[in-house]
Structures are given as C-alpha cells and as structure tokens.
1. If I go through segment 371-405 residue by residue, how many of them are out of contact with any strand residue (DSSP E or B) (no Cβ under 8 Å at 6 or more places or on another chain), of a type in the set (Phe, Trp, Tyr) and in contact (Cβ under 8 Å) with a residue 12 or more places away in the chain?
2. Can you tell me which of Tyr167, Tyr248, Tyr205 is outside the structural domain of Lys86 (by TED's automatic domain parsing) and more than 22 Å from Ser347 (Cα to Cα)?
3. Determine, yes or no, whether Asp71 is of a type in the set (Asp, Glu) and not in a helix (DSSP H, G or I).
4. For segment 227-262, name all the residues that are surrounded by fewer than 20 Cβ atoms within 10 Å (Cβ to Cβ) and assigned to a helix (DSSP H, G or I).
5. Return the only residue of Asn20, Asn102 being modelled with pLDDT under 90, surrounded by 13 or more Cβ atoms within 10 Å (Cβ to Cβ) and in contact with a strand residue (DSSP E or B) (Cβ under 9 Å, 6 or more places away or on another chain).
6. So, in segment 69-92, exactly how many residues are exposed (fewer than 13 other Cβ atoms within 10 Å of the Cβ), acidic (Asp, Glu) and in contact with a Gly (Cβ under 7 Å, 6 or more places away or on another chain)?
7. Somewhere in segment 208-222, is a residue part of a helix (DSSP H, G or I) and either over 23 Å from Glu308 (Cα atoms) or not assigned by TED's automatic domain parsing to the domain that holds Val85 (or both)?
8. Which condition breaks for Cys302 when tested against (1) part of a helix (DSSP H, G or I); (2) within 30 Å of Lys172 (Cβ to Cβ); (3) without any contact (Cβ under 8 Å) to a residue 60 or more places away in the chain?
Amino acid sequence: MNRLFSFIFFLFSYFVCSNNIVAVVGSDIILKSDLEEMFFLQQKQNPTITRPTVLDGMIEQKVLVYFARQDTTLIVDDIQLNQMVKEQLDTYKQQFGGSVENLEKYFDKSFSQVFDYLYKQGEDIFLANQLKQKLFSRVSVSSAEIASFYEKEKDNMPLTPPLYSYYCFNKKITPSSDRVLKTKELADSVLVEIKKNGADFSSFYSSFSGGDVEFKRGDFGLPEFEWAAFSLKSPGDIAGPVLTALGYHLIELVDRLGEKAKVNHILFPLSLNKDDEKEHLSFVEKELSLSVNDPIYLDMLCREASKEEGGFSGFFSGAPQEVIPSKVFDVIKPLSQGSFSEIVKTSDSFFFVYLSQKQNPSTPTLRENWEQIEWMALQYKFNSFFIDWYNKNSSKVYIKKYSLN
C-alpha cells in the first residue's frame, strides 16, 4: 500500500513538473500557460501587475466557482456569454494586428479551440461574479455609516469627474424604402421559383451571393438569420425572405444537431450607396438648421429620436465621460458650453451634438454626491465582508501553490 501511494505521488509530482502546474484548487488545476495568458491580458490594463498577484486572483476565482457550482440558483446566460467571448476575441485579434494566425500561434490552439477555451473561462467568470453579487446583496449601509465613512475618507476621495449635459441627434443611414421593396420583391420571386417551380436552391448561387454555412447558436452575428435558421424543423425546409443588416436572405436547412445548424443561403444585398448618404445628410442638415434657431424643437427632436432611432440620440444630463460613446465624446470635448458641433459622419450614420452645460471637477460633498459616497461606503464595507467570507470558506477547499520559477 505504501509503495502504491509513493508511486501515485511520484506520478503526480512528475505531472506537476512536466506540465508546469502552478496551483491546484479543489479538483481544478491552473497551468503556467493559463497564468501567462491571464498575465498578458491584465498587464495591458495594469503594467505594474505581477504574476503572483494574478495567480492569487485566479485562485480566488476558482474558490468562488467551487461554491457557485453548488448554488442551483446561479445560472449562466449563454447569449451574454457568447457576446462576451466574441468581444474578448476581437480584443485579442486587435492586439495581434487583426491576424487570426498570430492569435492561434500565441495560444498554440486553433481559432475554434481558443473560442472554447475562452468560453469555459468566461463561464467561470460569470459564475464567480454572480456569487459575488449574491454576497454583495447581504451588505447594506446606514445613513450614519455613510456619514462616518465620508468624515474618515473625504480627504482621500478623488475629485468628481467632469460632467456633461448635452443633446445628440443621430440619424442612421439606411437604403431607400423603394430599394428595400424592390430587393424583397426579387427575393420573393426567387422563393417562388424554388418552392412552386422546383428550381434547385443552389442554382441561384451564380446569380446572387450564396453558399452553405455551419454555425453554433449565438455564434453567427446576425440574430435574425439565426432565429430563422433554428426555426426550421426538417432538412429542405426554407425560411425567408429574412431581413438582416446585410440584406434579405433565403435560408434552407441542411442539418441541425442541438445548438449547431448547417444551412444553405442566398443573399440579396442591401448595401448603402452615395445617394443614401446624400439623402440622409440633407435631412440632418435641415434638422440642425431648425435646432439652432429653436431650443424647444431641439429638445423634442432629440427625445423623439431616442425612441425611434436608438443609437446615441437623446438628452443626457450630468453624464461622466465613461458613459458617453467615445465617438460622441470626441465631438463634445472641444465644444464650449452653449454651442453646436458640425455634422459628423460615422460608418453608418450622421449626428450632431449641442453641449448645454459642463460641470468641472470638484470635491465631493454629502449634499451633492450622496449616491456616489453611499456606493463607496457600500464597497468599502463589502470588501471587509468579502475578505472575512473568503478566509473562512477558502479553508474548506484544497489549495496548493507551486513555485513560479
């Protein structure tokens, strides 16, 4: 028995050395390659961070996940998780000059394997954050605690950020209604040829954009397309015309297995042209002219556009920089109070801004900044609560750290 135990221990020790395990948390292991990838990501945000600090954070997350998996009320939102992973992949690709090949080389994995790796990592982050939020809900602060916190920390509090009150009118550039109608009629005519006259779906590939595509749910990037594809029941079923950001699609189901689908599709594109841009620019110029001479009209225009257009139209009061879209803030920054911007063109819209007020940085006060100080006091109290919770509960989980050298 002792020989068997010694042999198992020897194998484990060999595995630790040969695979560079830096920590074990419960039944999970953290490899040196995992640590290096996390260190690479966090170092971009904080150049002074150290590997031991990153490793401690990874261990803390593993402990949170350990307890989160035992809590059946915590659920991972697949749609949000897919979106988060896509954004993270885009960030990685930008760091490697947009090259998928360089990304695969760095991770020593194929692109799909990198996606699966980040998905699993993202799932752990979701569970850990949900548990932390649940713990956070147990903490509250009284008015007396907030006042006491302020008196203790007011000299250390940062100045309030600059706050901007502004109007923004944004008009998305879309194809003309006449062109949209004609494109749909064309897609309808092709659908008739396929369904009623027996034309082969693939025979239209040479005349229009088309082909086969295979994807996971939430992974294609066109929600209307995905919804239509997954609504099809049997191979050969056809959906459409379906309107997406690219145009109208006809979609034929080839095969479906759980959350994966393979389809054939024909695209009838609705790309923007110079006439679309000219028409929308003329419209925005007219609205700007009316707004400059009539503050009431400006208020009505922007508030209504926030409902109809979405995007970043509307009136925004006392907004800090971090909640203002970067392309809007770049326009606001050089404006003087009470002035309009020029009309700005983005890849798919035109917009203008009116800066009604700018509040400069100031020292926080209980009267003017109660909500922010309350939040800081709550965070301060939660940090102490979480440290106590973690010290108590981490002792219930097997944790072993190895040398980073």
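The values are calculated or read from the model by the stated rules, or taken from the named source; none is laboratory data. As the structure is a computational prediction, the values presented were derived from the model and not from experiment. Note: ideal-geometry Cβ built from the backbone for every residue, glycine included; neighbour counts use all protein chains shown.
1. Count: 6.
2. Tyr205
3. Yes; evaluated as a whole, the condition is true for this residue.
4. The answer is Trp227, Phe230, Ser231.
5. From the options Asn20, Asn102, the qualifying one is Asn20.
6. Of the residues in that region, 0 qualify.
7. Within segment 208-222, not a single residue is part of a helix (DSSP H, G or I) and either over 23 Å from Glu308 (Cα atoms) or not assigned by TED's automatic domain parsing to the domain that holds Val85 (or both).
8. Among (1) part of a helix (DSSP H, G or I); (2) within 30 Å of Lys172 (Cβ to Cβ); (3) without any contact (Cβ under 8 Å) to a residue 60 or more places away in the chain, Cys302 violates only (3).
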